[in-house]
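*Asks:* Handing you a structure now.
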Amino acid sequence: MPVAMITGASKGLGRALGAELAQRGWDLVLDARSAGVLARTVEELGDRYGTRVVGVAGDVTDAGHRAELVAAARGLGGLDLLVSNASALGAEPLVRLDGLPLDGLRQALETNVVAALGLVQETLPLLRAAAVGTVVVVSSDAGAEPYETWGGYGASKAALDQLAAVLGVEEPGLRVWAVDPGDMQTDLYAAAVPEDEDPRPRPETVAPAFLRLLERRPTSGRYAAPALLRLSGTNESSGTAELSGTVEEEQ
């Protein structure tokens, strides 16, 4: 069975991706900081889909925790897919740059960029040994557009996008995709903008976009989930053409 590692996987988009993959027979290594919530997710997905699901609670900024995740993947036989989904905002709720705590910016960069690269470095031997090793980093339109109060978080996601782009060039044997999921109803967004009560898509409706990439395996690049989801209404030839390069989306 193929093996996927997903960070920030106890709830939200990470959990939704885990459910989609488990339903398709993937074994999973799941990471989250909250041990109790992670344990419930591991039990639910394992019982529902009958795949092997291993939970490793901890913080991805901790090198020892990252080593435990890699050891768990080895225990399942290797690693085919790494999904870097764990994120930190830097301030909750978000604030303008003139009030952004520098320690908060450091936390966002450490979690969203440094830890993500550290986990890539740890898992590269396993990913290179896979038939087609794949790295997915969860990006954001805040990394490409100048939204007020999103400066620190957006800067970290822009840096993550660039790391993914360079990794795709340096590792031509892998697939490396940065995916902008678009707006979602998540705890992260609620913490970022608590006064925003507009309904937003649930992560379960966005996760199939990531599966579209795994099904068609386009070139390494940056993709937007809304555009990927629209491909379900296209024929194979037009869908493949659209996926042949970077798919961007107005957010």
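The values are calculated or read from the model by the stated rules, or taken from the named source; none is laboratory data. Just so it is clear, the structure is predicted and the values come from calculations on it, not from any experiment. Cβ placement follows ideal geometry from the backbone for every residue including glycine, while neighbour counts extend to all protein chains displayed.
*Asks:* Give me the residue from the range 1-11 that is surrounded by fewer than 23 Cβ atoms within 10 Å (Cβ to Cβ) and either under 15 Å from the mean Cα position of the chain (by Cα) or at pLDDT 95 or above (or both) and, out of that set, farthest from ARG74 (Cα to Cα).
*Replies:* LYS11
*Asks:* Here is a further query. Which one is farthest from the chain's Cα centre (by Cα) among residues in the range 138-165 that are in contact (Cβ under 8 Å) with a residue 60 or more places away in the chain, assigned to a helix (DSSP H, G or I) and surrounded by fewer than 22 Cβ atoms within 10 Å (Cβ to Cβ)?
*Replies:* Top of the filtered list is ASP141.
*Asks:* Here are VAL135, VAL120, VAL113: which of them is under 18 Å from VAL179 (Cβ atoms) and part of a strand (DSSP E or B)?
*Replies:* VAL135
*Asks:* Related question: Within the range 76-95, is there a residue that is surrounded by fewer than 16 Cβ atoms within 10 Å (Cβ to Cβ) and assigned to a helix (DSSP H, G or I)?
*Replies:* Within the range 76-95, none of the residues are surrounded by fewer than 16 Cβ atoms within 10 Å (Cβ to Cβ) and assigned to a helix (DSSP H, G or I).
*Asks:* Kindly evaluate GLY77 against the criterion of being over 18 Å from the mean Cα position of the chain (by Cα), at negative phi and of a type outside the set (A, V, I, L, M, F, W, C).
*Replies:* It is false that GLY77 is over 18 Å from the mean Cα position of the chain (by Cα), at negative phi and of a type outside the set (A, V, I, L, M, F, W, C).
*Asks:* Another question, then. Which number in (1) among the hydroxyl-bearing types (Ser, Thr, Tyr); (2) surrounded by fewer than 17 Cβ atoms within 10 Å (Cβ to Cβ); (3) within 15 Å of the chain's Cα centre (by Cα) marks the one condition that THR186 misses?
*Replies:* Here THR186 clears every test but (2).
*Asks:* Could I ask something else about it? Give the range 32-47 a look and list any residue that's farther than 18 Å from LEU13 by Cβ and of a type in the set (D, E, K, R), or say none.
*Replies:* Selection gives GLU43, ASP47.
*Asks:* Within the range 13-35, does at least one residue satisfy the condition of being free of Cβ contacts under 8 Å to residues at least 24 places away in the same chain and surrounded by fewer than 18 Cβ atoms within 10 Å (Cβ to Cβ)?
*Replies:* yes
*Asks:* Quick check: is even one residue across the range 199-216 touching a Lys or Arg at 6+ places or on another chain (Cβ under 8 Å), surrounded by fewer than 17 Cβ atoms within 10 Å (Cβ to Cβ), modelled with pLDDT of 95 or more and not in a strand (DSSP E or B)?
*Replies:* For the range 199-216, residues touching a Lys or Arg at 6+ places or on another chain (Cβ under 8 Å), surrounded by fewer than 17 Cβ atoms within 10 Å (Cβ to Cβ), modelled with pLDDT of 95 or more and not in a strand (DSSP E or B): present.
*Asks:* LEU69 is checked against (1) buried (at least 17 other Cβ atoms within 10 Å of the Cβ); (2) under 18 Å from LEU188 (Cα atoms) and fails just one. What number does that condition carry?
*Replies:* Looking at each condition in turn, LEU69 falls short on (2).
*Asks:* Give me a count of the residues in the range 36-66 that are of a type in the set (A, V, I, L, M, F, W, C), in a helix (DSSP H, G or I) and crowded, with 17+ Cβ neighbours inside 10 Å.
*Replies:* 3
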